[in-house]
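Have a look at the structure below, then the notes.
The values are calculated or read from the model by the stated rules, or taken from the named source; none is laboratory data. In this text, all values refer to a predicted model and were calculated from it rather than measured experimentally. With ideal geometry, Cβ positions are generated from the backbone for all residues, glycine too; neighbour counts draw on all protein chains shown.
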Amino acid sequence: MTSDGKKGTIFSGMRPTGKLHLGNYMGALENWVTLQNDYNCIYCAVDIHALTTLDGATDVAEIKPNIHDMILDWLAAGIDPEESLVFVQSSVPEVMTLHTLLSMVTPLGWLLRVPTFKEKVRQMDETEESVNYGLVGYPVLQTADIILYKADTVPVGKDQVPHLELAREIVRRFNNHYGETFPEPQAKLTEDALIVGLDGQNKMSKSLDNHLELADSPEETAKRVATAFTDPQRLRRADPGRPEVCNVYSLHKTFSPAGDIATIHEECTTAARGCVDCKRHLAASINNYLESFRERRREFESRPSYVQDVLEDGAKKAQAIAQKTIQEVYEKMGLA
Ligand code: SF4
């Protein structure tokens, strides 16, 4: 428990991919909003991480507008800049200093063994020799992100637990070499709210274009939902459907009122409802669910410098913490 009655300090970051979708919201953002009640929260748009997998000038040019769109979504979802630190990773350059210093206590073998590193190399159609050095050191930068602010808790899904274990190992090594400096960050396991995309097969994702953006207009949402895959065996309107294999039904279970679910099931299995109407119903439920989010987003969007002001204020506060940490690290390492 901290002196202000909070359970600890949370750090979490998101790559600036632009406007967020429902999967991002249910998978992370909603949880971030709730965590503000119990923790001091530090939420960071990790633009330097984005550079590890970008190389074209066009991609780089997208980072700034993407940050703006993503931060609008954070704020509209309920991230409160009065309560939490909200800033962009590169606006606190001390993180790069700590990254370099931590890389001196991190064996290369630890980094080459990270399963997601191997996976990324494969996806990028590269070899371990040809990928950029930044990608190999990604977990070291991630560790620097967390401990620069002495965060003790990191919300992670089950698949990210090995990453955090690596961060803990780096911290242990640093503390062993130079004396107790950083808390070992603990994982706060978050439930993986898996939202399947409109293709009915994969996790909702922008790159697969199977997503529903939070900031879309109700009409755009309805248009996108109309393209959703349903029960592939239901070829004609008169065929009874199988809700249990239909993603539209599983989305209804998340977004439609609980009282509607049994009716949808019954009407689908008896062919009393067609898929077109069922999707209209789903779009209305999603639009209803997002109504207040969208209203808040429009309000923040109408204030031209609001996002910039939030980020500048967040960076100032974050940098004050970061400079103290770097000073301490320099002293412990006999630098300066
Ligand atoms: S009626 Fe609805 S739940 Fe049934 S198959 Fe069509 S879209 Fe899916």
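Kindly check whether there is at least one residue in the stretch 211-232 that is β-branched (Val, Ile, Thr), surrounded by 15 or more Cβ atoms within 10 Å (Cβ to Cβ) and in contact with a strand residue (DSSP E or B) (Cβ under 9 Å, 6 or more places away or on another chain).
The answer is yes; a qualifying residue exists.
Scan the stretch 177-191 and tell me whether some residue there is of a type outside the set (Ser, Thr, Tyr), within 16 Å of the ligand (Cβ to nearest atom) and loosely packed, with under 14 Cβ neighbours inside 10 Å.
no
Do you know which residues across the stretch 29-42 are touching a residue at least 60 places away in the same chain (Cβ under 8 Å) and in contact with a strand residue (DSSP E or B) (Cβ under 7 Å, 6 or more places away or on another chain)?
ASN31, TRP32, LEU35, TYR39, ILE42
For VAL105, which of the numbered conditions (1) surrounded by 16 or more Cβ atoms within 10 Å (Cβ to Cβ); (2) within 19 Å of GLY13 (Cα to Cα); (3) among the aliphatic types (A, V, I, L, M) fails to hold?
Of the numbered conditions (1) surrounded by 16 or more Cβ atoms within 10 Å (Cβ to Cβ); (2) within 19 Å of GLY13 (Cα to Cα); (3) among the aliphatic types (A, V, I, L, M), the odd one out for VAL105 is (2).
Are there any helices (runs of 4 or more DSSP H) wholly within the stretch 205-304 with 2 or more residues that are more than 22 Å from ALA76 (Cβ to Cβ) and either more than 15 Å from the ligand (Cβ to nearest atom) or not assigned by TED's automatic domain parsing to the domain that holds LYS19 (or both), and if so which?
Hits in the stretch 205-304: 247-255, 258-269, 275-301.
Are there any pairs with C-beta distances below 6 angstrom linking a residue in the stretch 1-27 that is buried (at least 21 other Cβ atoms within 10 Å of the Cβ) to a residue that is among the charged types (D, E, K, R) and part of a strand (DSSP E or B), with the two at least 6 apart or on different chains, and if so which?
As it stands, the answer is HIS21/GLU213, since those pairs meet every condition given.
Determine which member of the set VAL161, VAL154, VAL171 is crowded, with 19+ Cβ neighbours inside 10 Å and part of a helix (DSSP H, G or I).
None of the others qualify; the one that does is VAL171.
When you go through LEU98, LEU85 one by one, which is the residue that is buried (at least 18 other Cβ atoms within 10 Å of the Cβ) and under 26 Å from GLY23 (Cα atoms)?
Only one candidate qualifies: LEU85.
Just need a number here: residues in the stretch 57-107 that are of a type in the set (Gly, Ala, Ser), in contact (Cβ under 8 Å) with a residue 12 or more places away in the chain and either touching a strand residue (DSSP E or B) at 6+ places or on another chain (Cβ under 7 Å) or in a helix (DSSP H, G or I) (or both).
Total meeting the criteria: 6.
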